[in-house]
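Q: I'd like to ask some things about the structure below.
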Amino acid sequence: MRLPSFVTSMPSGFSATAVRAGLSIILRDLGFGGWIGIALIALAGVLTIDARSLDRQTASARQSAEEARSQALRYSLSKARNRQVASAAPAAEPIELPILSGDAASAVLPSAFFEQAARRGIKLGAVEYRWNAQSQSVQRVDVLITASGRYLPARQWLTDALAQLPNAQLSELSMQRTDPADPELEIRLVMAVHFGRRT
């Protein structure tokens, strides 16, 4: 096997002069392509070091962002918990229930409830009342109502009605459209209205 000229022409001693002479021979024999190769190897080394540094910086920035996000989440959760506790405190006070006078159905829901429905274009159908004695001090009347009307007016009617009746709750609600082209919905709802008992 034939060795390169710089290997065969290297002096036998390893003095500083011999090393310099050997390097000059190596550099002379490399030529243009060799210099390009050395430059590319050096550039690859620099780029590798920069890429590792960039990876470390990216990982550090990602960790800082995660820490900031988790701190913000903890802060918002603590605020929400405080708001929930603050808003739940007044609700703990018992509502003073009205006393149902007699068994008249008209006393369960005020006439304004039905007038608001008519004003919003809601057509009322059957209204059925079911008395339910819950305890010695509370009685409940379930009011089953069928109606028809458009979605937004019906939703506004129920929202207003429930805001004006603190002793009532919506226990069941279904809205169905029998004909896709018809804007009117078939509405069925059950309202539970609570009353105090006379002692």
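The values are calculated or read from the model by the stated rules, or taken from the named source; none is laboratory data. Because the structure is predicted, anything quoted here is derived from the model rather than measured. Ideal geometry is used to build each Cβ from the backbone, glycine not excepted, and the neighbour counts take in all protein chains shown. Heads up: the accessible areas ignore ligands, DNA and RNA and are worked out on the full protein's heavy atoms, side chains in. Shrake-Rupley method; radii C 1.70, N 1.55, O 1.52, S 1.80 Å.
Q: Taking the criterion of being within 22 Å of R119 (Cβ to Cβ), surrounded by 13 or more Cβ atoms within 10 Å (Cβ to Cβ) and of a type in the set (D, E, K, R), would at least one residue in region 170-182 satisfy it?
A: No, there is no match, as no residue in region 170-182 is within 22 Å of R119 (Cβ to Cβ), surrounded by 13 or more Cβ atoms within 10 Å (Cβ to Cβ) and of a type in the set (D, E, K, R).
Q: If a residue has to be open to solvent by less than 60 Å² (accessible area, probe 1.4 Å), touching a strand residue (DSSP E or B) at 6+ places or on another chain (Cβ under 7 Å) and not in a strand (DSSP E or B) to count, how many in region 107-142 make the cut?
A: So the count comes out to 6.
Q: Need the failing condition index for T178 against (1) under 16 Å from R188 (Cβ atoms); (2) modelled with pLDDT of 85 or more; (3) assigned to a loop (DSSP other than H, G, I, E, B); (4) not basic (K, R), just the number.
A: All conditions are met except number (2).
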